[in-house]
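Only the coordinates and a few stated rules stand behind these numbers; no lab work does. Computed from a predicted structure; not experimentally measured. Positions of Cβ are generated from backbone atoms using ideal geometry, with glycine treated the same way; all protein chains shown enter the neighbour counts.
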Amino acid sequence: MTHFAAIGAGFSGAVIARTLVEAGHRVTVFDARTHVAGNCHTERDPESGVMVHKYGPHIFHTDNERVWEYLNQYTEFMPYTNRVKTISGGKVYSLPINLLTINQFFGEAMSPAEARAFIEKQADLNIEDPQTFEEQALRFVGKDLYEAFFKGYTQKQWGCSPTQLPASILKRLPVRFNYDDNYFFHKYQGMPREGYTAIVEKILDHPNISVRLSTPFSRSQVKDYDHVFYSGPVDGYFNYELGRLGYRTLDFKEIRTDGDYQGCAVMNYADESVPYTRIAEHKHFSPWEEHDKTVCFAEYSRTCESGDIPYYPVRLAQEQTMLRDYIKKARAEPGVSFVGRLGTYRYLDMDVTIAEAMHLAESFLELTAKNNPVPAFFNEPI
């Protein structure tokens, strides 16, 4: 029986490990933290009983039926619609920008057609091919909405001017001309009844999976396994020999009180003068539960430094050379495949992470069955 290692007990490592052991192999899963599920980790708050998302809120949403069916083997999903509010200029608005937001902001009562024509007049149509975040926003919503809802929030979230960020961050048209305030478009949306950690624990619950928590993995251990699937930071694997790739990390300020603190799960703070980006009230992520007390986290974004938990890859232009050099080193590393958000230095939603892990493990089994070489990257970082 071949023996593999999966580094990181988040969704990438867990799904890969489960797929491999069900094919008759043995896997040891390492994680430097004291728990599984990575940044999706959830736990019951002992004081309030609220299910808390310890590293910030995660709402599951996907159009991938296979991923949805896979997770439903391990949990019961409860209905949940993510309806975000934002405070800008001392007033509360609905996000994403929709017909209610537009009418509230401009003090109008426009129909969808009227609002569409109105926003077209606001938009900067001289920007034909937006290259930056700011140009993308100005092109589609105009100066007033951009400055009210995007500029300050984005500056806080990414720690740089929106003129330095690529237009791709605003992937979709950031405005709706109806009253739909569901933050996501996806067919399947929900929250796991018992949280995300319970899902990962069940995925890892197999006699041929060994889980070693509070146990960092070093490059020197690769030789002890038939193959290693590494979901930690690709630059960290090489001990940051070429420097550190840019990440944002998050700090949380806890707020506890009785009753209902803000009346919704997520309240964004769009003004740059407010130091935090949003406040998440965790009991609203489980609306089927009732709690007398409440727990909230105010979220602060900053540059990730040594010892911090990396959250979002920045991927600014100046990092591309360093990333390419790390990719070159990774391709020359025998017996290791780099996977997931950190291993491939890409921002990935949960459903994409799971889909890629399933595909990677299946592809690995096919390659090894034919004695074909296994790539360092099944999903290209660039």
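Worth pointing out:
- P(r) of the stretch 240-367 over all Cα-Cα pairs, binned every 10 Å from zero, in whole percent: 10, 28, 29, 20, 11, 2
- Sparse packing (at most 11 other Cβ atoms within 10 Å of the Cβ) combined with a DSSP loop state is found for the following trypsin sites (Lys or Arg not before Pro) in the stretch 110-189: K171, R172, K187.
- Taking the centroid of alpha carbons for each part, the stretch 277-308 and the stretch 30-109 are 10 Å apart.
- Modelled this way, with points 7 Å down the Cα-to-C-beta line, the labels at Y347 and N126 are 2.8 nm from one another.
- Summed over all non-identical Cα pairs, the Kirkwood treatment of the stretch 175-265 gives a radius of 19.2 Å.
- Taking the chain and dividing mean pair separation by its residue count, relative contact order in percent (alpha carbons under 8 Å, at least six apart): 25 percent
- Using Cβ point charges alone (K and R +1, D and E -1), the dipole size of the chain about the Cα centre works out to roughly 680 debye.
- Range of Cα positions in the stretch 231-301 per principal axis (Å), largest first: 50, 31, 16
- Net charge dipole, the stretch 83-184: roughly 380 debye, given to the nearest 20, about the Cα centre with Cβ charges of +1 for Lys and Arg and -1 for Asp and Glu.
- Estimated translational D of the chain in µm²/s (Stokes, Kirkwood radius over Cα pairs; 37 °C; 0.692 mPa s): 146 µm²/s
- Sorted ascending by nearby beta carbons within 10 Å, beginning with the fewest, M1, M78 become M1, M78.
- Under conditions of 4 °C and 1.567 mPa s, the stretch 154-200 yields 90 µm² s⁻¹ as its translational diffusion coefficient, taking Rh as the Kirkwood radius over Cα pairs in the Stokes-Einstein equation.
- FRET efficiency, K223 to R244 (Cβ-Cβ, R0 30 Å, nearest 0.05): 0.70
- The HN-Hα couplings worked out from phi for the stretch 36-48 by the Karplus form 6.51 cos²θ - 1.76 cosθ + 1.60 (θ = phi - 60°) are 8, 5, x, 6, 8, 4, 10, 7, 6, 6, x, 7, 9 Hz, whole numbers, x standing for Gly and Pro.
- Comparing S94, S273, S48 in a Gaussian network model of the chain where C-alpha atoms under 10 Å apart are linked, the largest mean-square fluctuation is found at S273.
- Taking only Cα atoms of the stretch 97-169, radius of gyration then Dmax in Å: 12.8, 37
- Subtracting the Cα-Cα distance of D258 and S273 from their residue separation scaled by 0.36 nm leaves 2.6 nm.
- Karplus-derived 3J(HN,Hα), 6.51/-1.76/1.60, for each residue of the stretch 97-102, Hz, glycine and proline x: 3, 9, 4, 5, 4, 4
- In the stretch 97-169, a dipole from Cβ-located charges (positive for Lys and Arg, negative for Asp and Glu) runs towards its positive end, and of L138, A123, L165 it is L165 whose Cα lies farthest in that direction.
- 23 Å Cα-Cα reach of K54 towards lysines, excluding residues that sit fewer than 8 places from it in its own chain: K85, K156, K202, K253, K283, K293
- Remark on H61: its backbone amide H falls under 5 Å from those of D351, a criterion applied only to residues 5 or more positions apart or on other chains, H modelled at 1.01 Å from N.
- Residue by residue, the stretch 320-333 carries 3J(HN,Hα) couplings of 5, 5, 4, 4, 4, 5, 5, 4, 4, 5, 5, 5, 8, 8 Hz when phi is fed to the Karplus relation 6.51 cos²θ - 1.76 cosθ + 1.60 (θ = phi - 60°); x denotes Gly or Pro.
- 25 °C / 0.890 mPa s Stokes-Einstein diffusion coefficient of the stretch 18-174, Kirkwood radius on C-alpha pairs, µm²/s: 125 µm²/s
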